[in-house]
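Following: one structure in structure tokens, then a few remarks.
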Amino acid sequence: MSQRLQPLIYHGQRRCDWPGTAISTKLSAEQMVDSILRPSKLIDKQYAQVSVLTDDGLVQTGVRISESKKEIVLRNLAQLEPITIDQEDIEEIMESKVSLMPENLTRQLKSRKEFDDLLKYIIETRKR
């Protein structure tokens, strides 16, 4: 993989979910390319950022890891531990209409080969 793509795929020392692996495994190749070019057009629910307003006025933001009748668990990349919120404490859940994958990501790429490398990486990651 091109060295130029490394900052796009890694966040610090750990692998980041965005951009790249946050593309649904249900998409066709054409839809996958479209998701890279226009990430906010269609956001899969499992990758949508949500903001949870609690009864005490606190807002927690992250990607939904799990949700049950008892609780919702969010992952926020700025925090090491998942955020667990009891359903009885939730006043409102708001889903973002903007993708976590950056707009204009492809403008950072210098060539078609780098775009192809990114697409190849996404496809290989989806198979895992």
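The values are calculated or read from the model by the stated rules, or taken from the named source; none is laboratory data. In this text, all values refer to a predicted model and were calculated from it rather than measured experimentally. Using ideal geometry, Cβ is built from the backbone for each residue, glycine included, and neighbour counts are taken over all protein chains shown.
Things to note:
- For segment 102-118, filtering for residues that are in contact with a helix residue (DSSP H, G or I) (Cβ under 7 Å, 6 or more places away or on another chain) and under 18 Å from K41 (Cα atoms) leaves 2.
- Note on segment 82-116: residues that are of a type outside the set (S, T, N, Q), over 15 Å from V52 (Cβ atoms), surrounded by fewer than 14 Cβ atoms within 10 Å (Cβ to Cβ) and within 17 Å of the chain's Cα centre (by Cα) total 4.
- Applying a threshold of 6 Å to beta carbon distances and a minimum spacing of six or more residues, or different chains, the list of pairs starting in segment 25-40 at a residue that is in a loop (DSSP other than H, G, I, E, B) and ending at one that is exposed (fewer than 13 other Cβ atoms within 10 Å of the Cβ) and modelled with pLDDT of 80 or more reads S40/V98.
- Qualifying residue in segment 108-122 (condition: of a type in the set (V, I, T) and at pLDDT below 90): yes
- Residue among T106, T54, T61 that alone is among the β-branched types (V, I, T), touching a residue at least 12 places away in the same chain (Cβ under 8 Å) and in the same structural domain as D34 (by TED's automatic domain parsing): T106
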